[in-house]
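Down below is the structure, laid out as structure tokens.
Just so you know, all these numbers are worked out from the coordinates, no wet-lab data involved. Small disclaimer: the values here were computed from a predicted structure and weren't measured. Neighbour counts are summed over all protein chains in view; Cβ atoms, including those assigned to glycine, are modelled from backbone coordinates with ideal geometry.
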Amino acid sequence: MKIKTAPILITLTLACIGLLPKAHAVSPAPGGGYPGGNTTEGQNALFSLTSGGYNTAVGFLSLRSNTTGSFNTATGAGTLLANTADQNTATGAAPF
């Protein structure tokens, strides 16, 4: 008795694919697309932003307290963590 495995494998593969959870996209996408020309990448980066524009925050907690500041650039974990002003730049890591 010979069993053909191809139809069985195809059926199992289709069943597994059908059971996979749907993938959800992040909105906005990482690396940009935020309102006001802001760009952020990192957990809680630019977390408090309400109306500031043209800020870039890269790293955990970078520019976290910024609410209305504009034209700031923070690269590194915790950089400009407490900043609320305009036109500041920081690179590195802030001590926590």
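How much of the calculated P(r) for region 30-96 lies past 14 Å, in percent of all Cα pairs? Everything past 14 Å amounts to 43 percent.
Summarising the label geometry, the points placed 7 Å from Cα in the beta-carbon direction at residue 48 and residue 87 lie 2.3 nm from one another.
With θ taken as phi - 60° and the Karplus curve 6.51 cos²θ - 1.76 cosθ + 1.60 applied, the whole-hertz 3J(HN,Hα) list for region 47-63 is 4, 9, 4, 10, 9, x, x, 6, 9, 10, 10, 10, x, 3, 6, 5, 6 Hz, x standing for glycine and proline.
Summing +1 for each Lys or Arg and -1 for each Asp or Glu among the other residues whose beta-carbon sits under 12 angstrom from that of residue 57 gives 0. For the pair residue 15 and residue 65 in one chain, pulling the backbone fully straight at 0.36 nm per residue adds 13.2 nm over the alpha carbon distance.
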